[in-house]
There are 2 protein chains.
Amino acid sequence: MAKKAAAAANASNVTKSVKERDTRTMSRIVDLADSVASKALAGREPKVAIPLRTKSNTIWNRKRGMLEMGDAAAERELFNLNQAKQFMQTCLHANSIKELIEAEKTLSLRGMFYKGLHTVQGTKEKTFADQDESDGILEDLEVSLGSLREELHIFAKKKGTMIGNITIVDTGDEIDCRRMGSGGYAIPSIVEPDVIQFKKCDAKFVLHVEKDTVWGRFNEDKFWQKHNCILTEGGGQPSRGVRRLLQRLNNELGLPIYCLLDCDPWGHYIFSVIKQGSISLAFESNRLAIPDAKFIGIRSKDYTACDLSDDVKVEMNDTDIKRAKEIAAYPWFLGHKGWQAEIDLMLRNGFKMEVESLITKDISYVTEEYVPQRLKAKDWLV
Amino acid sequence: MAKKAAAAANASNVTKSVKERDTRTMSRIVDLADSVASKALAGREPKVAIPLRTKSNTIWNRKRGMLEMGDAAAERELFNLNQAKQFMQTCLHANSIKELIEAEKTLSLRGMFYKGLHTVQGTKEKTFADQDESDGILEDLEVSLGSLREELHIFAKKKGTMIGNITIVDTGDEIDCRRMGSGGYAIPSIVEPDVIQFKKCDAKFVLHVEKDTVWGRFNEDKFWQKHNCILTEGGGQPSRGVRRLLQRLNNELGLPIYCLLDCDPWGHYIFSVIKQGSISLAFESNRLAIPDAKFIGIRSKDYTACDLSDDVKVEMNDTDIKRAKEIAAYPWFLGHKGWQAEIDLMLRNGFKMEVESLITKDISYVTEEYVPQRLKAKDWLV
């Protein structure tokens, strides 16, 4: 009975926080509309300031260990032939979002494109040429309203799965991630606290792996039971949903995040995004970046350290080499001796290595020896 | 207590059936090895017969409503310069599978590639040039052993999610798909009866949608609660795991499978594969094809029937037109008036339509009107 009452109280708290959040988002949309309307009524040109999501407006905050968006913004004006379309697209999407919030529904990015799509009366001009145009406007709205996509009731393609020593509540359903079989819990696109609450967590850390097939190996070997952790995978470059969930597990529950990624520029880039955030989503770093994340492998040294055979070598091509050098020159890797040595050795090796290649040692080498040894020796890159 | 005893009995039945299956697979591998060894010892050339997975060896079984593999097979000989490598690759993988079964472990396709990869002693020749070569040999082994990939302990990339009025047991964990929040249960690659058992199913049908974003719309609108069904998505072309799960739901629980796919050649092809099977996996049709599956939409007629605006039209390009004509000429569509009319109207319309485009009517039009009306009117293509 006490349990039921607690659940009801929790549910009502969640409902309350959703309402507060929606009220806040709504008032921002109304403010935007008001500013446009008041300028128009006063005979002045309606315009909207859109913060710039460019490399030049991205700042590396060394102290906080994350990328941040600078102050530069561009005006989007109605009476400017180059900007009028985007101005109207912005208003159109802002209106759709208002409708979504009122209807208490969410919509996919593709759905938003169709929702905003129509032929402008008296012309043959469509409101949006394609979904890319629509997606861009939605990101503009995120930054200019200071509201996340999730707060705008918009979701994206779902990616990634989770299993392990944690119970969560997802839209009111209690999900015991200790009993999710071989499939696991599919991580949704929106994982904000009003959708997902952490209930009972015994896990001491999170092991995040790049690919679901590697995740399958760890799950089958019950790694998360033996090592008391949570096991996640992001299907390659993790989605915002997966990154946000990891960040919340790190931030709210204090769990260290260990990343098991390939030894190649792509794996290094995935880690960079998990840790510092990305340029295009720098305005989201507060919510997505995990400066505390750790890269547990695969490492360039493993070829000799783990006594691997030549079969694990995947030759680096020119694109790989160029990309590796670019990543080494990222400000956050530039001052980091460990990462400079790591990338330097990879370049000198001249080959990449995949997590799966550890199978050449033994099927369960990665779950029974590699990761446990690295964790024990605290041997990782930060 | 009775419940516990039943669960234990069930678990022991599952263990028993796994053991029987593994024993069966193992004896087939041993037979293969024995036949090679006995030929070699008798001074004859070792060879293996591999059934042909080609279009010419694929038969459309009209009566059963599925594609089947014919009897044609090719000999793979050791003393044939063109075949020696493949012969040895086949033996190599057969040996790896034996090891997997003995270790009671599964491995991904990529993992199998690495497991079999080594440099042939005294040469610079690798056993496999790339994963494609390895995957092909594994399919050869499936057909020649008459054992499914899943029975060979090999899994693939995971795709797709499920939610709805069913409780399943996955590797011993009871999963109530009625309480899976916004994320859902991630469908694993291997869904054979020894991994997944159906426990309590109240659902009357399965609605399978193409994309996870559409699935999100149906889940948010609690369609599966209102209409007492199971809701699945396959992330585009469904994986073998998703197809097999649908087939088992259809076969073992007698649930009709309604497919909500785009009105384009890709959507039609997805349906064709779900229903009749595919050429490359014709040897699997018994286990994967669902001749009873129904295509509930989107239909070419919907543009006028649902009074849609021009915004839903996505122009067909030359590739689309060519592909549509190819699909119309499939033997199983050729004799089907409904499908001929459907594809013909799409070609005359000159445009494709996506499920998501129904949002131009209303956010929840697809969940509240479109699908319920089609189900009620039994308006679908078989």
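The values are calculated or read from the model by the stated rules, or taken from the named source; none is laboratory data. Keep in mind the model is a prediction, meaning the values are calculated, not measured. So basically every Cβ, Gly included, is an ideal-geometry build from the backbone, and we count neighbours across all protein chains shown.
Key figures for this structure:
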quantity	calculated
Residue selected from region A:53-73 under the condition part of a strand (DSSP E or B) and in contact with a Pro (Cβ under 8 Å, 6 or more places away or on another chain), by the criterion surrounded by the most Cβ atoms within 10 Å (Cβ to Cβ)	A:M69
Test: residue in region A:44-52 that is part of a strand (DSSP E or B), over 21 Å from A:H336 (Cα atoms) and not hydrophobic (A, V, I, L, M, F, W, C)	yes
Lone unmet requirement of (1) touching a Phe, Trp or Tyr at 6+ places or on another chain (Cβ under 8 Å); (2) surrounded by 21 or more Cβ atoms within 10 Å (Cβ to Cβ) for B:E252	(2)
Qualifying residue in region A:274-296 (condition: closer than 19 Å to A:D362 by Cβ and of a type outside the set (F, W, Y))	yes
Residues of region B:225-257 that turn out to be within 19 Å of B:I175 (Cα to Cα), in contact with a helix residue (DSSP H, G or I) (Cβ under 7 Å, 6 or more places away or on another chain) and within 14 Å of chain A (Cβ to nearest Cβ), as a count	4
Only one of B:G181, B:G160 that is within 12 Å of chain A (Cβ to nearest Cβ), touching a helix residue (DSSP H, G or I) at 6+ places or on another chain (Cβ under 7 Å), modelled with pLDDT of 95 or more and at positive phi	B:G160
Per-region count, region A:185-207, residues out of contact with any helix residue (DSSP H, G or I) (no Cβ under 7 Å at 6 or more places or on another chain), at the interface with chain B (Cβ under 7 Å from one of its Cβ atoms) and part of a loop (DSSP other than H, G, I, E, B)	1
Subset of region A:208-223 that is farther than 15 Å from A:V242 by Cα, of a type in the set (D, E, K, R) and surrounded by fewer than 24 Cβ atoms within 10 Å (Cβ to Cβ) - its residue that is nearest to the other protein chains (Cβ to nearest Cβ)	A:E220
Selection from region A:265-297 of residues that are touching a helix residue (DSSP H, G or I) at 6+ places or on another chain (Cβ under 7 Å) and part of a loop (DSSP other than H, G, I, E, B)	A:G277, A:I279, A:L281, A:A289, A:I290, A:P291, A:D292, A:A293
Selected residue (criterion: farthest from the other protein chains (Cβ to nearest Cβ)) from residues of region B:330-363 that are modelled with pLDDT of 95 or more and not in a helix (DSSP H, G or I)	B:G350
Answer residue from region B:163-178, given it is within 26 Å of A:L107 (Cα to Cα) and assigned to a loop (DSSP other than H, G, I, E, B) and is farthest from the other protein chains (Cβ to nearest Cβ) among those	B:N165
Total residues in region B:23-44, condition surrounded by fewer than 14 Cβ atoms within 10 Å (Cβ to Cβ) and not basic (K, R)	11
Residue identified as β-branched (V, I, T), at pLDDT 95 or above and either under 30 Å from A:I257 (Cα atoms) or surrounded by fewer than 15 Cβ atoms within 10 Å (Cβ to Cβ) (or both) among A:T123, A:T167, A:T119	A:T167
Members of region A:97-116 that are facing chain B (nearest Cβ under 7 Å), surrounded by fewer than 21 Cβ atoms within 10 Å (Cβ to Cβ) and not in a helix (DSSP H, G or I)	A:K105
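Each row is one residue, and each column tells you yes or no for (1) under 30 Å from A:G216 (Cβ atoms); (2) at pLDDT below 90.
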| position | (1), (2) |
| --- | --- |
| B:R28 | yes, no |
| B:D34 | no, no |
| B:K39 | no, yes |
| B:I101 | yes, no |
